[in-house]
Ligand code: 6V0
């Protein structure tokens with residue numbers, strides 16, 4: 001009475017094969033862009049979605065399930081109940097309150113901390129061995145909040161940080177030189193957003209360091225061009241939001257690439273928000289900000305000893321101080 005005729009000697013699925021699972025919390029524009037990019041990349045056996053609005057959540061789940069004929073087979077589940085995230089390997093948090101017109105960033109932060117109090121403890125309960133990847137803004141502070149509320153070790157709590165800023169940076173340099181962005185290595189570190197730090201000495205194209213190339217060709221150091229590219233990076237989120245209302249595709253690919261490095265143990269280096277205490281003179285307390293980090297199956301494996309100038313270090317330290325002041329007002 002089975003649909004298939006049985007085949008003699010067929011081997012049942014091995015009980016030891018690991019079932020891999022990602023949960024995405026928040027099925028707004030960003031959460032869904034991440035979810036669909038993950039599906040196209042055949043990363044996991046199961047994808048769980050959680051949101052606070054049941055109808056929207058079910059609608060998004062069905063819409064993704066209806067693409068099954070065109071995608072690698074992935075079980076897609078969704079619920080407002082966190083038990084659906086049970087045994088996840090990776091939990092990606094994109095839930096966030098929207099800024100109300102005229103609302104201060106600090107007030108928005110307080111509302112998001114209240115949200116995280118409802119989100120992080122159940123994740124830590126149902127997926128105690130998972131890695132937490134925070135995307136909601138302000139991402140650096142909220143990664144710290146998630147670390148505190150989860151009780152996880154710091155190698156298992158990361159923020160998407162400047163991974164996206166760096167890919168925007170690489171795109172703009174690539175566009176300037178008419179070359180593939182995949183052949184441009186360049187890092188933006190520190191804050192995800194306005195006070196990010198562009199590491200000029202990190203830029204190389206096809207293995208050629210840009211600054212020393214300009215110098216050896218006796219081309220005037222195009223500091224202004226470089227500064228303008230960084231300004232454009234900072235401005236790009238505002239521009240996209242102004243034009244289409246939100247950002248989604250680039251952050252979707254950016255976060256899916258982090259998910260791949262983790263679940264497939266790629267040991268790739270990504271600029272992401274990590275516990276930065278002890279690096280580059282950041283000594284005042286526990287803060288998360290972006291540094292180039294080695295990512296693998298157990299989370300953050302290390303932070304590269306990237307060369308930064310005195311001026312860049314001072315800017316990192318000053319951002320760390322701002323974060324510490326903010327964090328002291330949160331009561332977590
Ligand atoms: P959105 O479209 O408003 O989606 C937010 C979602 O969160 C909605 O579906 C809500 O229903 C849901 N939500 C609210 N409360 C809860 C709760 N308690 N539990 C579960 N779900 C809840 O926003 P959008 O998707 O555009 O952005 C989400 C967050 O990502 C914001 O904080 C953005 O600022 C942030 N981004 C971070 C980026 C990064 O690089 N780190 C990039 C882009 C956006």
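Out of the residues in segment 1-40 that are modelled with pLDDT of 95 or more and in a loop (DSSP other than H, G, I, E, B), state the one that is farthest from the ligand (Cβ to nearest atom).
Among those residues, the one meeting the criterion is 20.
Every residue in segment 226-260 that is under 16 Å from residue 133 (Cα atoms) and either more than 16 Å from the ligand (Cβ to nearest atom) or exposed (fewer than 13 other Cβ atoms within 10 Å of the Cβ) (or both), please.
260, the sole residue that qualifies.
Kindly provide the set of residues from segment 149-166 that are within 10 Å of the ligand (Cβ to nearest atom), at negative phi and in contact with a helix residue (DSSP H, G or I) (Cβ under 8 Å, 6 or more places away or on another chain), ordered by number.
159, 160, 163, 164, 165
Scanning segment 92-107 for residues that are under 16 Å from residue 31 (Cα atoms) and not in a loop (DSSP other than H, G, I, E, B), which turns out nearest to the ligand (Cβ to nearest atom)?
Checking each candidate, the answer is 93.
Here's the yes/no breakdown for (1) assigned to a loop (DSSP other than H, G, I, E, B); (2) surrounded by 18 or more Cβ atoms within 10 Å (Cβ to Cβ); (3) more than 11 Å from the ligand (Cβ to nearest atom); (4) touching a residue at least 24 places away in the same chain (Cβ under 8 Å):
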position	(1), (2), (3), (4)
109	no, yes, no, yes
116	no, yes, no, yes
121	no, no, yes, yes
147	no, yes, yes, yes
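Okay, residues lined up against (1) crowded, with 18+ Cβ neighbours inside 10 Å; (2) in contact with a helix residue (DSSP H, G or I) (Cβ under 6 Å, 6 or more places away or on another chain); (3) within 16 Å of residue 264 (Cβ to Cβ):
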site	(1), (2), (3)
29	no, no, no
37	yes, yes, yes
40	no, no, yes
52	no, no, no
55	no, no, no
59	no, no, no
65	no, no, no
68	no, no, no
71	no, yes, no
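Looking for whichever is within 16 Å of the ligand (Cβ to nearest atom), touching a strand residue (DSSP E or B) at 6+ places or on another chain (Cβ under 8 Å) and in contact (Cβ under 8 Å) with a residue 40 or more places away in the chain here; the options are 89, 51. Which one fits?
Sole residue among the options that is within 16 Å of the ligand (Cβ to nearest atom), touching a strand residue (DSSP E or B) at 6+ places or on another chain (Cβ under 8 Å) and in contact (Cβ under 8 Å) with a residue 40 or more places away in the chain: 51.
So which residues in segment 192-218 are touching a strand residue (DSSP E or B) at 6+ places or on another chain (Cβ under 6 Å) and either within 19 Å of residue 268 (Cβ to Cβ) or outside any helix (DSSP H, G or I) (or both)?
Matches in segment 192-218: 196, 197, 198, 199, 202, 203, 204, 205.
Is it the case that residue 84 is under 15 Å from residue 122 (Cβ atoms) and part of a loop (DSSP other than H, G, I, E, B)?
Judged against the criteria, residue 84 is not a match.
The values are calculated or read from the model by the stated rules, or taken from the named source; none is laboratory data. Predicted, not measured: the structure shown is a model, and the values here were computed from it. Methodologically, a virtual Cβ is constructed for each residue, glycine included, from the backbone with ideal geometry; neighbour enumeration extends over all protein chains shown.
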